[in-house]
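Remarks on the structure that follows.
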Amino acid sequence: MIYLSIFAALLLFFALVMLVARSLYWEPDLNIAGLPGTNAAGQIDEANDAMSFEILLRAFGDEDQRFITALGDKHVERLLLFERKRIALRWIRRKSAEARSLMREHANRAREASDLTVSGEARLAFRYMELLLLCEVLSLSVSLFGPAGLQKFAVQTNMILSDIKRFGNVVVPGADTVTS
């Protein structure tokens, strides 16, 4: 029993080390603060969120796969799987980069805030860790098995990120809202 506990602890430690290592070496491909044309009303942000959700539904859904399978061309199936993996992994990286950017912005604004709560900050930290862990699990699953069937987890990732965005807008009431 003790060997099983040690093995589980080592596995968890290894997963956390890999999570931290990947987050350090991932090149952020999304510069949220520097998006051209971002306006105060957030119309572009809403359009980007809608497009991102559409990409999520297509990349992690099964519709295209069923259609291509019905055609019976194995070469096209392999190409579709390769492209869907690439798109899904890119989507995961973008969401992870967006979360890191939001947390950096929140940390900068929180330094100046005087009315932060420990429970609120702890909740935000746990949601952020949950998001990063889910992104890593999703990335590993997509790399190993492909994106088909992982739509539920991708939607959950998107919901957690939306929750972090909303929470970041409420946590520091004295500062300007965080635009994502």
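The values are calculated or read from the model by the stated rules, or taken from the named source; none is laboratory data. Keep in mind the model is a prediction, meaning the values are calculated, not measured. Here the Cβ is made from the backbone with ideal geometry for all residues, glycine too, and neighbour counts use every protein chain on show.
Here Glu112 meets the list (1) more than 17 Å from the chain's Cα centre (by Cα); (2) without any contact (Cβ under 8 Å) to a residue 24 or more places away in the chain almost entirely, failing just condition (2). The requirement of being among the β-branched types (Val, Ile, Thr) and surrounded by 12 or more Cβ atoms within 10 Å (Cβ to Cβ) is fulfilled somewhere in region 65-75, by at least one residue. In region 151-180, of all residues being outside any loop (DSSP other than H, G, I, E, B) and more than 25 Å from Glu136 (Cα to Cα), the one that is modelled with the highest pLDDT corresponds to Asn169.
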